[in-house]
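Take a look at the structure set out below.
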Amino acid sequence: MKNKKYIAGVLALALGLGIAAPSAEAAPAVQSLDYINGATNEYSFRMKEEARVHEQNVRKIRFEFRRDGDQEKYDRAMKEEQRRHDRAVKQIKRDYDQRTPWRR
C-alpha cells in the first residue's frame with residue numbers, strides 16, 4: 001500500500017513540474033546567436049577567445065620558468081607571446097573595421 005502512495009506522489013510531482021516548465025512554443029520567434037563565452041558578436045567572441053589563449057600561453061611560460069629558472073628563456077618567450085598576441089588583436093580589429101568575415 002505504501003508503494004502505491006509513493007508512486008502516486010512521484011507521478012503527481014512529475015505532472016506538476018511538467019505543467020510548470022515553459023513549453024517550446026513560448027520561445028521567441030527570433031533568437032540571437034549566443035556564443036559560448038558570453039560574447040554577443042563574432043568580433044567580441046574572437047577577442048575573448050584570444051584573451052583566453054594569451055592567458056593560457058602566459059601561464060605555460062611562467063610554469064616553465066618556475067621549473068627551470070632560465071630568465072633569458074622566460075624573457076624571450078614572453079616577448080614572443082606578446083608579439084603574437086598583439087598581431088592577433090590587430091588582425092581582429094582590422095577585420096572589425098573592414099567588416100570582413102571571420103577566416104581562420
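The values are calculated or read from the model by the stated rules, or taken from the named source; none is laboratory data. A quick note: this is a predicted structure, and the numbers were derived from the prediction, not measured. As a convention, Cβ positions derive from the backbone with ideal geometry for all residues, glycine included, and neighbour counts pool all protein chains shown. For the accessible areas, the whole protein counts, side chains as well, though only heavy atoms, and no ligand, DNA or RNA atoms are used. Shrake-Rupley method; radii C 1.70, N 1.55, O 1.52, S 1.80 Å.
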- So, with +1 on the Cβ of K and R and -1 on the Cβ of D and E, and no other charges, what is the size of the charge dipole of region 52-104 about its Cα centre, to the nearest 20 debye? 320
- Could you name the lysines in cross-link range of Lys93, using Cα to Cα under 24 Å and dropping any fewer than eight places away on the same chain? Lys48, Lys79
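Rank-order 47-57, 5-15 by packing density, defined as the average count of other C-beta atoms within 10 Å over each peptide's residues, highest first. Don't skip to the answer; put the middle values down first.
Details: 47-57: 14.5, 5-15: 9.8.
Result, highest mean first: 47-57, 5-15.
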- Item | Solvent-accessible area per residue for region 56-104 (1.4 angstrom probe, square angstrom) | 88
